1. Please work out which one of (1) free of Cβ contacts under 8 Å to residues at least 12 places away in the same chain; (2) surrounded by 19 or more Cβ atoms within 10 Å (Cβ to Cβ); (3) small (Gly, Ala, Ser) is the condition A:Ala212 fails and give its number.
2. State all residues of the range B:300-317 that are in contact (Cβ under 8 Å) with a residue 12 or more places away in the chain and either in a helix (DSSP H, G or I) or more than 22 Å from B:Arg221 (Cβ to Cβ) (or both); if no residue qualifies, say none.
3. Please verify whether B:Gly157 is small (Gly, Ala, Ser), facing another protein chain (nearest Cβ under 9 Å) and in contact with a strand residue (DSSP E or B) (Cβ under 7 Å, 6 or more places away or on another chain), treating the condition exactly as stated.
4. Assuming A:Ser82 fulfils every condition listed in (1) hydroxyl-bearing (Ser, Thr, Tyr); (2) more than 25 Å from B:Gly119 (Cβ to Cβ); (3) at the interface with another protein chain (Cβ under 9 Å from one of its Cβ atoms) apart from one, which condition is it?
5. Within the range A:112-138, work out how many residues are assigned to a loop (DSSP other than H, G, I, E, B) and either within 30 Å of B:Gly100 (Cα to Cα) or not small (Gly, Ala, Ser) (or both).
6. Within the range A:42-76, track down each residue that is part of a strand (DSSP E or B), under 22 Å from the mean Cα position of the chain (by Cα) and more than 8 Å from every other protein chain (Cβ to nearest Cβ).
7. How many residues are within 9 Å of chain A (Cβ to nearest Cβ) and closer than 23 Å to B:Arg252 by Cα if we restrict to the range B:160-173?
8. Looking only at residues in the range B:98-114 that are more than 9 Å from chain A (Cβ to nearest Cβ) and of a type outside the set (Gly, Ala, Ser), which one is surrounded by the fewest Cβ atoms within 10 Å (Cβ to Cβ)?
Amino acid sequence: MTSTVTYWQARAAALGRELDADARVVLVGGYVSAPFNPPDGLLEGYADRVLWPPISEAAQCGFGIGAAMSGLRPFVPIGTSSFMFYAWPQIANEAPNIRYLSGGLVTAPVVFHVMAGARRSSGAQHEHMPQAMLQNVPGLRILAPATPADIDGLIHAAFRCDDPVLLVDHVLLANATGEVPDNPDATMGRADLLRQGGDVLIVAYSLMVQRALVAAASLDTQGIEASVLNLRTLAPVPIDDVVHAVQNHPATLFVDEARGPGSTASYLMARVLEQAPSTVARLVCSKQAPSPFAEELLDEIVPTAERIALTAAAVLRES
Amino acid sequence: MIERGTRPDQDEVVCRSMTTTQPTELLEPLLLARRFDEILLANTDAIRGHFHVSIGLEATAAALSRVRRSGDLITTTYRNHAHLAALGSDLSVMYAEIFGRDLGHQRGRGGSIHLSDPGLGMLHTSAMVSGGVPIALGQAYSLSRTRPGAVCFCFFGDGAFGEGAVHESLNLASLWRLPLVFVCENNAPPGDGRANDQQSAVSLLAIAEAHRVHGRAVDARHPAAVVDALEALAEEVRDGDGPRFLDAQAGRWPGNATFFPHDATGRTDVRHAQRDADDPWRSTDDPVLNECRRLLAAGVGLDHIRAIDRRITAEVEGALGRARLAPVAPPEAAFTDVVAP
């Protein structure tokens, strides 16, 4: 059985389910949906389980790590992704090293939640994709849902993982709709083939999956059949799933809202070319400039559905 | 050097804790910590990389060993040897970790600056100056939910006050009244009416007080005084009064003057407690000698002190020998414990 819901409804329901299931779950911060999503009732419904730290990201994230090490299951909504730069020492240098530095005796099962990417007209400092930098940090798991079923299943998976998890959310996914199974279903580290088409494969995550689906529909009208592979997990990146899908298509686009250098897409493309050297592939990443405030300018930077479709048509013409 | 007159008045210290226990109870953890580091400094050929020793800062560690209760948690720093040794961590396991051997708790993947011992409530040791301080917040919160009356002891050095995480953490701990004892091991000389040359505040306690984290300053050259101060603060925290702050003002061991520690003062000779010395380290600053002086004044014989010292020194040397023989972990250990299997 499944039900069709919006992404924001699925997120609130999943968090409510985890709070109901486990008294150790505590929200260290409340900005998991507010202020850029429709009211979901979560904070009101679980007011006694939500702590409201001051604007002190280092203390907030360190708090989550310490609580996770000593028996609780903290979920730490940091809000806008760039706020986590102010907790970078805790996220990049403390949480991911705890298992290793304790010889496997201690773990820090904390979930950090951020609203990443361009939410439009917030400008250069509020539209980062910082998880790209954190790919370089062993010990951290990075999840990037794109659909209601993803957020439902990956929240479930995150709370059952004994490692620190970064959940990369996106404001513009709020109203995406989709089916959610009765029982959460998402395996960390596995990609999901959302759409099947024989001409070109589009590999993406988070909001770019939704844009890839729009692009695929538009390519359909041109007689080009596109597959869309939703990564869902960025660390560990599901390389086997990607290589398998790539080998079933004449051409592949790696789409990423992060800037190209150090992005998941560029790393994946390198790994794929290592394993399947004859692959015809293109990168479609945000361009190397800050996010401008004016939406018309922003669309020059962040991949649009139109740019994805144009690149797909071009690579097929060239190959 | 620390100027006299800037410290709390020792004449007012009443060593309550010491009247109810064995008179030499504090000497043993002090000597364990001191001999551990001195013997390490005589074996630097086996150490890889950068390291720190705790010489001169043993009073807070020894006090912790008396005040800590089962179930309490502790965060320490890159300067952690005394904390583990004083609490009774396995010395051969500590040495093995410092030498990069598989026998270490971290299997030789942490080294000196990351020593920890989960069995003692030290779950993870950040080697970043203020790295462990925010983590202590969450540990204290967990204790408040699961073990009422237990506290988290959060150790850090005076330099951590240069970083924002300490200020954020003092504020949050105070706002949420967390069961947390902040212990600053302060070996920065005060001067010019300021806490030290990197701080504009008049004292470190004044910074804590600004966040309404109350506490004490104590002369940490005198271990018995530190026990009393730490005990009193921990009791207030256990009673649910919220966090407390201890400014433990230690002397500065001359061997810390360079980037790598060096044995600037030689092996401690407890007989110096009975002799006049012309250097400030032996005459006023060394917490081990000061504790010996306190014991001598209380009627404990020097021979008794020397017998304890010989026993502990032999124990430490035995631990060193075992660690030197321990193998390095197999290559695959580099890749295990990164994430859950």
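1. Every condition holds for A:Ala212 apart from (1).
2. Narrowing the range B:300-317 to residues in contact (Cβ under 8 Å) with a residue 12 or more places away in the chain: B:300, B:302, B:304-306, B:308-309, B:312-313, B:315-317.
Within the range B:300-317, B:Leu302, B:His304, B:Ile305, B:Arg306, B:Ile308, B:Asp309, B:Ile312, B:Thr313, B:Glu315, B:Val316, B:Glu317 qualify.
3. no
4. (3)
5. 12
6. Of all residues in the range A:42-76, those part of a strand (DSSP E or B) come to A:50-51, A:73-76.
So of that shortlist, the ones also under 22 Å from the mean Cα position of the chain (by Cα) come out as A:73-76.
Scanning the range A:42-76 gives A:Arg73, A:Phe75, A:Val76.
7. 1
8. So the residue we want is B:Asp102.
The values are calculated or read from the model by the stated rules, or taken from the named source; none is laboratory data. Small disclaimer: the values here were computed from a predicted structure and weren't measured. Backbone-built Cβ (ideal geometry, glycine too); neighbour counts: all protein chains shown.
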